[in-house]
Amino acid sequence: MKTLKALVALGCAAFVGGHAFADPFKVSIEMMERFDLQSESSEALPGEKLFLQVHYYGGDMRPECRDAPEDQQPLECDLLTPLITYEVKEWTVNGIRNGNGDVGAISGLTDGRVTYIAPSEPPQRNPVAVTAKVRVGEQDVLVSTEITVRPPNKWEGYVTYNFEADYQENDPATNSVTNGKVKFFGAYEVDEVLSDSYGDDGTGVVFLAIAPREAEYEFNEKTRDDCERTSSMRGSFLKGLKMPPPNQTLNLTVGKEGLEFANVMPMPIEAEGEWHVRNCTNDKGLEGSGDAEAFVNVDMLIDSGFKARLNGGTYHGSLQEDRTLSIASKEFQGTLTMEWVFKRHN
């Protein structure tokens, strides 16, 4: 999220008879820096809608709190108040009030929250500057953020994975037997075209940024030695991670009849579950249960080309075969089912 510091609007002091009369309510630099205009994304595709919100970070607006430095404010001043929205008098896009079809438009004017609608094509001045004029006492504060309008993607598509593995491990040293099952589903979608040398002859090399959109992970294991030990974990990055996983780069080699790609695609998962130790034969003190949390990284050990045939303007391919996946630094041999679909728009 890219923001610019708030600026005091010009004309905050009046000159009369050669004397300057400052506005009775002064906005300090420290206070200005607490204002922020947040956008849900710093980029938008043509026609995409983004929510924008003006926020004020903390601070008590009572005079005895507002006008004093933070280290000298009375104890009753609340510096950790929730985000507060002030009155917004005006919105502009590249200096145009409420924007227009060329630079993008502002709609849904509701105090400090609006919707920015990107234009049908990137404007000449790009990124665009969206600015809100916020009324603070007797003065105006300008807060601004930049949004880059990207050209429309000529490529769209997705890659999905389903993996299941059943395993058994024997440890003669402890006379233990472990049985387990692991399942994983992951999906990537094309997010951005990084470079495209696709020519009129229908061939070329294309680099795509693909974004992880969905992931589900399930793990169950049971070990029998002197005790019966069970553990189970479930996770999904969409539910657990505070920040989504980063995009991956996909390299497509496009031919007249199809395309081919090769990639290793990691999926980070935050998982939670439980463990139990029961029915111990020698030491009952080992028995118990509890909750478990883990960060699980699923690595697709994919290092060979995957082909997609061209049919009706769409490249489609799939496979189902035995593969090895590395999950939480442990390799599992199981069945991998994949599907990939890509389409290029002229």
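What follows draws every value from the coordinates through simple rules; no lab data is involved. Since the model is a prediction, treat every value here as computed from it, not as a measurement. Glycine also receives a Cβ, built like all others from the backbone with ideal geometry; neighbour counts cover every protein chain displayed.
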Notebook entry, point to check: Given LYS183/LYS284; LYS49/LYS307; LYS183/LYS222; LYS284/LYS330; LYS183/LYS343, which pairs have Cα atoms separated by over 24 Å?
Noted result: LYS183/LYS284; LYS49/LYS307; LYS284/LYS330; LYS183/LYS343
Checklist line | Centre separation in Å (Cα based) which lies between segment 189-220 and segment 37-56 | finding: 24
Check: Sorted by mean Cβ packing within 10 Å, highest first, what order do the peptides 185-194, 92-101 take?
Finding: 185-194, 92-101
Margin query: Could you order the peptides 305-318, 133-146 from most to least packed, using the average number of other C-beta atoms within 10 Å per residue?
Written below: 133-146, 305-318
Check: Cα convex hull of segment 155-344: how many Å³ per residue?
Finding: 109
